Structures are given as structure tokens and as C-alpha cells.
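Read through the structure below, which is laid out as C-alpha cells, and then see the notes.
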Amino acid sequence: MSKKVRVRFAPSPTGGLHLGGVRTVLFNYLFAKNQGGDFIVRIEDTDQGRFVAGAEEYIFNTLKWCGLEPDESPVHGGPYAPYRQSERKENYRQYAEQLVKDGYAYYAFDTPAELEEMRNRFKTPENPSPQYNQVLREKMRNSLTLEKDEVARLLNESVPYVVRIKMPLNETISFTDMIRGEVSFNTSQVDDKVLLKADGMPTYHLAVVVDDYLMKITHAFRGEEWLPSAPVHLLVWKYLGWEKDMPQWAHLPLILKPDGNGKLSKRDGDRLGFPVFAMDWTDPKTNETTIGFKERGFLPEAFVNLLAMLGWNDGTDKEIFSLPELIEKFTIERVHKGGAKFDYEKAKWYNHEWIKLSEVSQLAVAVKQAFLDKQIAVTDEALLKKVIELVKDRCTLLADFVQQGSFFFQSPASIDTDTIKPKWDEKKNMFFTELIRAYELSTLWETADLEKEFKELAAANQLKTGELMLPFRIMLVGGKFGPGVFDIAATIGKQETIKRIAHTLQLLQSS
RNA sequence: GGCCGGUUCGUCUAUCGGCUAGGACAGCCCCCUUUCACGGGGCAAAGACGGGUUCGAUUCCCGUACCGGCUACCA
């Protein structure tokens with residue numbers, strides 16, 4: 001019997017959640033649910049200096065929007081509460097002390113200024129960033145170099161200190177990553193990372209191990225940027241005597257910027273004009289808002305779908321997956337090793353596909369909101385549904401519904417008469433005048449009837465239908481866009497259709 | 001600089017030693033459509049390089065190059 005799968009997403013609440021973060025959540029979630037396991041969210045707020053108001057709430061709102069609800073978290077509760085590291089502060093010190101007692105870690109009294117001084121002093125062109133390591137630790141002020149009495153005195157006088165792991169010299173440490181296979185490191189290349197900070201808070205390196213252990217995490221997913229510190233974590237697991245309970249690691253590939261170099265950042269979105277955050281994020285300090293996928297008009301289904309395909313596929317040509325399908329099909333073996341450049345065009349394609357494939361009723365709420373955002377109140381639900389049905393094939397983002405369909409709810413703000421004018425003449429004017437009369441007498445008001453009448457009248461006047469359709473369209477919607485003209489006329493009704501024709505005729509007359 | 005990771009069309013990817021290297025996005029062309037889409041059809045487009053191993057390498061191994069990540073009392 002193997003243990004129940006438990007995975008965790010461990011964000012630090014420092015701002016909006018971006019693509020990469022949500023994808024990490026998603027892969028955690030998919031793996032857990034595929035295995036019938038639990039998905040835990042633990043807030044890693046060990047850095048008091050980086051606390052950002054509202055960031056935690058934002059994270060949970062985002063998960064909710066995506067449909068990735070945690071089984072355990074600070075807001076969902078759970079048997080391993082609290083799930084906020086700042087509230088678990090007292091847990092960590094004992095483990096740090098235990099490591100010191102067992103000779104795996106030590107106290108270091110160097111001040112930030114001293115550390116900076118050290119780095120400057122030993123910096124050379126060949127070694128631009130000297131590390132607090134097996135060699136340099138000998139030159140610093142710590143419980144390894146100081147006399148026992150001196151250490152005791154400093155501790156006694158409450159001189160600030162940190163606890164650092166004592167990296168062994170020249171040991172090979174390796175593990176099997178679920179995505180990358182065997183990865184190994186030489187400990188001589190790894191520095192003595194701080195485990196417990198001077199303020200008594202653990203660093204990520206200690207907290208991640210302690211909490212993963214305490215919360216019985218079985219599989220740990222995180223971004224590839226964590227790979228270099230994996231040996232530190234491995235060693236902490238080992239030194240604490242928990243090796244047999246260590247989760248299996250999986251380091252996810254990064255999401256890269258579209259135009260070349262580096263991992264995708266918020267700045268790239270601003271620069272290239274696409275969202276990077278899942279939802280709008282307003283920085284409480286600057287009050288600046290960064291656009292999110294949700295507000296840009298993405299459906300959560302599409303957002304989740306496109307994220308899943310960035311680094312994973314099911315081995316077939318299938319690209320459109322619902323969340324339940326993803327859960328069913330997801331396996332780590334099919335996660336890519338290489339980073340993926342984010343392609344906004346493809347992202348939009350996913351949204352377009354999901355809009356086309358969604359039921360009208362599923363779209364209604366979001367589309368109504370899109371209209372409302374543009375100051376168009378929709379009160380007629382039946383009309384809304386009819387409009388969605390008519391235009392959804394040509395909508396990539398939710399806002400496109402407004403562009404494609406506002407004229408169903410209100411008369412066009414302006415009529416593109418410039419397009420009509422060059423080919424306008426008295427015969428056409430006559431035709432539309434007669435059309436008004438004909439439509440006034442119509443007893444049937446369906447698409448096919450309207451088209452039939454229109455064409456018959458055109459034939460009677462010896463006019464080509466083709467030359468009349470565009471003017472008609474512009475009269476009804478204001479420009480060269482929208483679904484089929486007769487569908488529009490049928491939908492807006494007799495009175496409105498006639499009104500719009502007459503209005504344009506008047507415009508053409510007076511200019 | 002050091003360490004670690006990665007490398008198939010412009011982009012996301014399939015291929016688990018047999019390939020005429022498949023699909024999707026974007027691009028281009030045609031059909032459908034008297035708007036724009038949708039839909040259908042087509043074109044163009046890739047294994048970083050050099051060595052091995054093998055009857056046979058995109059696939060396995062080793063180098064090189066390139067790209068990326070890390071190198072904080074941040075996560």
C-alpha cells in the first residue's frame with residue numbers, strides 16, 4: 001500500500017500570480033487529482049519585508065476562478081493547520097537547533113555589512129560572486145571559527161545570528177527527478193545557505209523541508225529555478241533524519257518570454273501587450289493595475305487548457321481539454337524538460353476554440369458582463385442568448401461580443417456612410433424606400449422571408465443583390481461587420497430595421 | 001566566472017532505433033461566404049554542430065556551441 005498522494009503549491013504572497021505560478025498549481029492539481037490525492041496550498045510568507053497586502057486573497061481568488069480549489073489551505077482549513085508559515089514560526093527553530101547540535105549546521109554572527117564587505121573583498125573577474133562556503137566560512141565569524149566561550153557570550157548577549165547549513169566537502173549528492181531523471185551535484189559547489197534568519201524566521205530552505213515533512217507531502221513540484229538549491233534540501237531532509245519520508249521531486253520547465261531570452265516576467269506582458277497575470281492585480285503601493293487574462297476576456301477553461309499544453313501533451317494530436325479530461329489524462333512522464341516560449345496568438349486561439357465550443361448558456365454571464373463593462377445593460381436574456389449564438393464563432397475574446405453585437409441592443413452610434421456614398425444613386429435610394437414599405441407590410445419576420453423579399457424587390461428593380469447587401473448591412477450595424485444581414489434584421493425586429501434604414505437614407509440625403 | 005538544466009518547422013509540440021520527420025498556432029494561396037468570421041482544401045517551414053555505438057540514428061553515448069536557471073538573512 002502506498003501513501004495517499006499529497007502535493008502542495010507554496011506561493012509567497014508578494015504580488016499577482018503569473019502564468020508560471022498558475023501552471024505550477026495546475027500540474028500539482030492535475031497530478032494529485034489523477035492519483036486521487038490531496039492538493040494543499042501553503043503560504044510561504046517567511047519574508048516579512050516582502051509582505052504585500054491583498055496578495056494572498058488574490059491567490060485564492062485566482063484559484064477559484066481557474067476551478068483549482070485546494071483541499072487544504074489557510075482559507076479551506078485542514079488537519080495540518082496553520083498553513084501560513086508566518087503562523088508556524090515557532091516550529092522551525094527547534095529543527096535548526098537540532099541541526100546545530102548534531103553538527104550539521106552552525107551559528108553565524110556576520111552582519112549584512114560584513115557579508116557585503118567579504119563579497120567585495122573576494123570578488124574577482126573569475127569569481128564575481130564569492131560564496132559563504134567550506135573555505136570562506138573559515139574567515140568569517142561563526143561558531144566554527146570562534147572560541148566556544150565567545151559563541152556562548154554572543155548568544156547570551158542576544159547578538160543577532162543566523163543558522164547556516166554546514167555543507168560537506170566534496171560529496172556527491174544525487175536524486176531522481178520525476179521529469180529530468182537522475183541529477184547530481186558536488187557539495188563543494190554549494191554554499192552554506194542560511195536556514196534560520198536573524199529575525200527567527202526560517203528561510204525557504206528550512207521551511208520547505210520542515211513543512212513538507214510535517215504536512216506529509218509525497219510529491220514536490222516546483223519551477224526549474226529551484227534545481228540548484230535541491231542539494232541543500234536533500235541534505236536537510238537527510239540531516240533531520242527524515243530521508244525515508246522525503247517527497248519525490250519534479251522540477252517543472254520554465255515559461256519563457258516570446259522574443260528570446262529569459263523567463264517570462266510581468267514586464268514582458270507590459271512591453272508586448274498581453275497579460276501575464278491570471279487576473280487584474282493592483283499594486284497596493286503604486287496603485288498601478290496590471291491586466292489579467294480574466295479581464296482581458298479569457299474563459300477560465302481556455303486559460304487552464306492553454307497552460308496545461310505549455311509543457312505537456314497526451315501523446316495524441318488532441319489540444320482541447322477540459323479540466324476533467326486533463327485530470328484523467330495527466331501523467332508526469334509526458335511533461336517536457338525544455339522551457340516553452342509563451343505565444344499569445346496561440347493563447348487566443350485556445351480562447352476562441354473554447355468560445356466556439358461552449359454552450360450559449362455557459363457564456364451568458366460572462367458576455368453580459370462584457371457588455372456591462374462597455375456601459376451596455378442587457379435586460380433581455382432571450383435576446384442575449386440569440387446574439388451569442390449568432391456571433392460567438394467570430395469572437396476570440398469576450399470583449400469581441402460587444403464589438404460584434406452591440407448593435408443588437410442599441411442603434412449604431414455612427415453610420416459609415418462614406419463606404420456607401422461612392423456607389424450610391426437614385427435607383428438604390430428608391431430601392432430602400434420601397435424596401436421600407438415592403439417590410440412594413442410583411443407579416444412574416446424570419447431570416448429567410450426577409451432575404452426572399454429583399455431579393456425579389458431587387459430583381460423587380462433590376463438591381464444586383466450584391467450591390468445592395470453592403471449598404472443594407474451598414475444601415476443596420478454601422479459598418480462592415482457582424483453576422484448575416486438578414487439574421488440581424490430578423491433579430492432586431494421590424495420596427496428597428498425600418499427605423500435604421502430610414503435613418504441612413506436621411507443621412508445620405510442630407511450630405 | 002562557477003554549478004545545474006535544456007536544445008525537432010518562426011512558436012507549442014509528436015517521434016520511446018526503421019522517417020517520405022506528423023499535428024496545431026501564426027504566414028501565404030484556393031474554395032465557401034455579396035461584411036467579417038466559421039468551415040473545407042492546399043503551400044511553405046525543423047532534428048544546433050562534430051565524433052562515436054549500430055545493418056540503421058532525431059531517438060543511445062561523448063565532446064563543442066548556443067540558450068536558460070541559480071549563485072541574498074527572496075521565494
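The values are calculated or read from the model by the stated rules, or taken from the named source; none is laboratory data. Only a predicted model underlies this, so the values are computations on that prediction, with no experimental measurement involved. Positions of Cβ are generated from backbone atoms using ideal geometry, with glycine treated the same way; all protein chains shown enter the neighbour counts. Heads up: the accessible areas ignore ligands, DNA and RNA and are worked out on the full protein's heavy atoms, side chains in. Shrake-Rupley method; radii C 1.70, N 1.55, O 1.52, S 1.80 Å.
Residues checked against (1) assigned to a loop (DSSP other than H, G, I, E, B); (2) surrounded by 15 or more Cβ atoms within 10 Å (Cβ to Cβ):
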residue	(1), (2)
A:W445	yes, no
A:L468	no, yes
A:K480	yes, no
A:F486	no, yes
A:A489	no, yes
A:A502	no, no
A:Q506	no, no
Just to be sure, is A:L206 closer than 30 Å to A:Y344 by Cα, within 12 Å of RNA strand B (Cβ to nearest atom) and surrounded by 18 or more Cβ atoms within 10 Å (Cβ to Cβ)?
no
Do we find a residue being within 15 Å of RNA strand B (Cβ to nearest atom), modelled with pLDDT of 90 or more, assigned to a helix (DSSP H, G or I) and within 30 Å of A:T379 (Cβ to Cβ) anywhere in the stretch A:407-427?
yes
What number of residues within the stretch A:73-103 are in contact (Cβ under 8 Å) with a residue 60 or more places away in the chain and open to solvent by 80 Å² or more (accessible area, probe 1.4 Å)?
1
From the list A:E126, A:E150, A:E182, A:E117, pick out the single residue that is in a strand (DSSP E or B) and not hydrophobic (A, V, I, L, M, F, W, C).
A:E182
Give the number of residues within the stretch A:325-337 that are open to solvent by less than 40 Å² (accessible area, probe 1.4 Å) and closer than 13 Å to A:L254 by Cβ.
1
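Quick grid of which residues meet (1) more than 20 Å from the chain's Cα centre (by Cα); (2) among the acidic types (D, E); (3) modelled with pLDDT of 95 or more:
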{"residue": "A:G20", "(1), (2), (3)": "no, no, no"}
{"residue": "A:G37", "(1), (2), (3)": "yes, no, yes"}
{"residue": "A:R42", "(1), (2), (3)": "no, no, yes"}
{"residue": "A:A53", "(1), (2), (3)": "no, no, no"}
{"residue": "A:E57", "(1), (2), (3)": "no, yes, yes"}
{"residue": "A:E69", "(1), (2), (3)": "no, yes, yes"}
{"residue": "A:E72", "(1), (2), (3)": "yes, yes, yes"}
{"residue": "A:P82", "(1), (2), (3)": "yes, no, yes"}
Residues (open to solvent by 10 Å² or more (accessible area, probe 1.4 Å), in a helix (DSSP H, G or I) and more than 13 Å from RNA strand B (Cβ to nearest atom)) located in the stretch A:213-237:
A:Y213, A:L214
List pairs: first in the stretch A:453-465 and at positive phi, second assigned to a helix (DSSP H, G or I) and loosely packed, with under 14 Cβ neighbours inside 10 Å, Cβ under 9 Å, 6+ apart or cross-chain?
A:Q462/A:K427
Inside the stretch A:338-386, the number of residues satisfying the requirement of being more than 30 Å from A:H219 (Cβ to Cβ), surrounded by fewer than 18 Cβ atoms within 10 Å (Cβ to Cβ), within 16 Å of RNA strand B (Cβ to nearest atom) and basic (K, R) is 2
Could you check, for the stretch A:436-449, whether at least one of its residues is closer than 18 Å to A:P412 by Cβ and away from RNA strand B (no atom under 15 Å from the Cβ)?
yes
Being under 13 Å from A:H76 (Cα atoms) and without any contact (Cβ under 8 Å) to a residue 40 or more places away in the chain is the filter here; which residues of the stretch A:49-63 pass it?
A:E57, A:F60, A:L63
Residue list for the stretch A:120-152, filter: under 18 Å from A:V232 (Cβ atoms) and of a type in the set (D, E, K, R):
A:R137
Out of A:K452, A:K464, I need the residue that is surrounded by fewer than 13 Cβ atoms within 10 Å (Cβ to Cβ) and either under 21 Å from A:V391 (Cβ atoms) or under 52 Å from the mean Cα position of the chain (by Cα) (or both). Which one?
A:K464
Quick one: in the stretch A:238-254, of everything that is under 21 Å from A:A32 (Cα atoms) and assigned to a helix (DSSP H, G or I), which residue is most open to solvent (accessible area, probe 1.4 Å)?
A:K244
Verdict on A:E328 being under 24 Å from A:L272 (Cα atoms), over 18 Å from the mean Cα position of the chain (by Cα) and outside any loop (DSSP other than H, G, I, E, B)
no
For A:E389, indicate whether it is outside any loop (DSSP other than H, G, I, E, B) and either within 30 Å of A:F321 (Cα to Cα) or in contact (Cβ under 8 Å) with a residue 24 or more places away in the chain (or both).
yes
Whether any residue in the stretch A:345-354 is outside the structural domain of A:E57 (by TED's automatic domain parsing) and in contact (Cβ under 8 Å) with a residue 60 or more places away in the chain is what I want to check.
yes
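Looking only at helices (runs of 4 or more DSSP H) that lie completely in the stretch A:1-103, which have at least 2 residues being closer than 27 Å to A:P324 by Cβ, away from RNA strand B (no atom under 14 Å from the Cβ) and in contact with a strand residue (DSSP E or B) (Cβ under 6 Å, 6 or more places away or on another chain)?
Fully inside the stretch A:1-103 and qualifying: A:19-34.
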With the condition kept exactly as written, say whether any residue in the stretch A:288-309 is touching a residue at least 60 places away in the same chain (Cβ under 8 Å) and either in a strand (DSSP E or B) or within 8 Å of RNA strand B (Cβ to nearest atom) (or both).
yes
Which numbered condition trips up A:K285, out of (1) away from RNA strand B (no atom under 16 Å from the Cβ); (2) modelled with pLDDT of 95 or more; (3) of a type in the set (K, R)?
(2)
Does A:L444 meet the test of being more than 13 Å from A:R500 (Cα to Cα), outside the structural domain of A:D393 (by TED's automatic domain parsing) and at pLDDT 90 or above?
no
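For A:S510, are the conditions met, namely being away from RNA strand B (no atom under 16 Å from the Cβ) and closer than 20 Å to A:S411 by Cβ?
For A:S510, the condition - away from RNA strand B (no atom under 16 Å from the Cβ) and closer than 20 Å to A:S411 by Cβ - is met.
For the stretch A:447-464, how many residues are part of a helix (DSSP H, G or I), within 21 Å of A:T504 (Cα to Cα) and of a type outside the set (G, A, S)?
6
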Mind checking which pairs have a first residue in the stretch A:148-162 that is within 16 Å of RNA strand B (Cβ to nearest atom) and a second that is among the charged types (D, E, K, R), Cβ under 8 Å, 6 or more apart or different chains?
A:V162/A:K197
